[in-house]
Amino acid sequence: MRLMFVHWVVEDRGSPQDIYNYTCVAKGMGHEVALYGLPDGNSSFNYSLDIDAADAVVFLFEWTTLIKNGDNLNFLRLIGRVPRKRRIVVDLDGKYNDALTVAGDYNHDDEAASHAWLQVCDSLADKIHQATPHPMRPNVRPFLFHAYNPAWERPLDLSGKEFGMYLVGNNYFRWMPVHRMLKAIETIREEVGRIGFVGYGWDSPAPWTHPSLRKDAYYTDPEYLAKLGVEVKPPIHFSQVIEEMSCGIFHPVILRPLFDHLGLVTCRTFETLAANTIPLFTQNAKYVREIYGEEAVELVYPEDQPQEKIQDILRGPDRYVRIVEGTRRHLAEKHSYEARIKELIGIIES
């Protein structure tokens, strides 16, 4: 089957890792995944405008419903040449919902914006899916989209690490949970050692900072980070993410408050487990159990005395290495790209 993905991809944020891996893994399964757009020999992606050769179209909506370097005529070509029953929408950001606000995070400015977004999606497909096991709207079905690739896995060896805590990811509605963790670390600051952050928006405004965004979207406190000795590095290409995550003994898995509320998964949900580090989940135990398996609950960052969990990882990492190894096996079995592609084709053919 030839699948045409429609997505505004950016190579240092969002979901490029997934787009790339779908393309590679699908090829090994005898399928093809193309990304709608002008062919680009310098890109990591299989861009194509050959919609006539597509068996199905998958609209992957993250932060926009627009087509990169395209316009409404492109939408007309897509829906005019592929039957509605062979088109699906996958909502990756929780925007196919009423307007929601959670701890300063939000999916739409107001109900009018929500209504407009829903209208666009409904005009494209009847099959609406969301990257959460538990969608809120009755017409939405789960399809997690993001996945795990065992080929990413780095051997787990925590000796000789340069950093105690390392965080790879951009600051978009993430300051609040990050700040909570750093406040807990203050009491054990010397024991943690070096702390490193990689990405946009930690010590200077991110490229997407705009007056139309609420302050919580990009808020940070560079003076506090400097006082705590946090070392900030620039963003990196998606192909470098897992190796970069491996710089620290532990790596927090921190999602936006809205995503935690909706139970969404992201690329980081799975990438972090493949790195040579101990993931520390800031999600609740129910979510962790459902996605990662029972054993991974030991990796949940607790609300009470959280610094003790960090100390336990730093002082006795071998036990946590065994947990990560078991969790990797669970993800390889339940959340591989092969499994996702089979599920996606089943959705299309249903």
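Quick rundown of the values:
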| read-out | value |
| --- | --- |
| Hey, residue 243 among the charged types (D, E, K, R), more than 18 Å from residue 171 (Cα to Cα) and in contact (Cβ under 8 Å) with a residue 60 or more places away in the chain or not | yes |
| Some residue of the stretch 256-271 being in contact with a Leu (Cβ under 7 Å, 6 or more places away or on another chain), modelled with pLDDT of 95 or more and more than 23 Å from residue 12 (Cβ to Cβ) | no |
| Criterion violated by residue 322 - all others in (1) part of a helix (DSSP H, G or I); (2) touching a residue at least 12 places away in the same chain (Cβ under 8 Å); (3) of a type outside the set (Asp, Glu) satisfied | (2) |
| Residue check, residue 303 outside any helix (DSSP H, G or I) and in the same structural domain as residue 268 (by TED's automatic domain parsing) | yes |
| Residue match in the stretch 165-182 (condition: small (Gly, Ala, Ser) and over 20 Å from the mean Cα position of the chain (by Cα)) | no |
| Boolean, residue 333 is closer than 30 Å to residue 26 by Cβ, without any contact (Cβ under 8 Å) to a residue 12 or more places away in the chain and assigned to a helix (DSSP H, G or I) | yes |
| Subset of the stretch 139-159 [of a type in the set (Ser, Thr, Tyr) and surrounded by 22 or more Cβ atoms within 10 Å (Cβ to Cβ)] | 148 |
| Among (1) among the charged types (D, E, K, R); (2) modelled with pLDDT of 90 or more; (3) closer than 30 Å to residue 107 by Cα, the one test that residue 32 misses | (3) |
| Residue selected from the stretch 246-271 under the condition over 26 Å from residue 104 (Cβ atoms) and assigned to a loop (DSSP other than H, G, I, E, B), by the criterion nearest to the chain's Cα centre (by Cα) | 246 |
| Residue check for residue 200: of a type in the set (Ser, Thr, Tyr) and either in contact with a Ser or Thr (Cβ under 9 Å, 6 or more places away or on another chain) or surrounded by 15 or more Cβ atoms within 10 Å (Cβ to Cβ) (or both) | yes |
| Filter result for the condition that a residue is without any contact (Cβ under 8 Å) to a residue 12 or more places away in the chain and of a type outside the set (A, V, I, L, M), over 223, 153, 191 | 223 |
| All positions within the stretch 46-64 that are closer than 25 Å to residue 172 by Cα and surrounded by 19 or more Cβ atoms within 10 Å (Cβ to Cβ) | 59, 60, 61, 62 |
| Residue among 51, 88 that alone is among the aliphatic types (A, V, I, L, M) and more than 21 Å from the chain's Cα centre (by Cα) | 51 |
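To keep it simple, each residue is scored yes or no on (1) touching a Gly at 6+ places or on another chain (Cβ under 6 Å); (2) assigned to a strand (DSSP E or B); (3) more than 25 Å from residue 347 (Cα to Cα); (4) of a type in the set (S, T, N, Q).
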residue: 85; (1), (2), (3), (4): no, no, no, no
residue: 94; (1), (2), (3), (4): no, no, no, no
residue: 108; (1), (2), (3), (4): no, no, yes, no
residue: 120; (1), (2), (3), (4): no, no, no, no
residue: 129; (1), (2), (3), (4): no, yes, no, no
residue: 136; (1), (2), (3), (4): no, no, no, no
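The values are calculated or read from the model by the stated rules, or taken from the named source; none is laboratory data. Predicted model only: the values in this text are computed from it and were never measured. Using ideal geometry, Cβ is built from the backbone for each residue, glycine included, and neighbour counts are taken over all protein chains shown.
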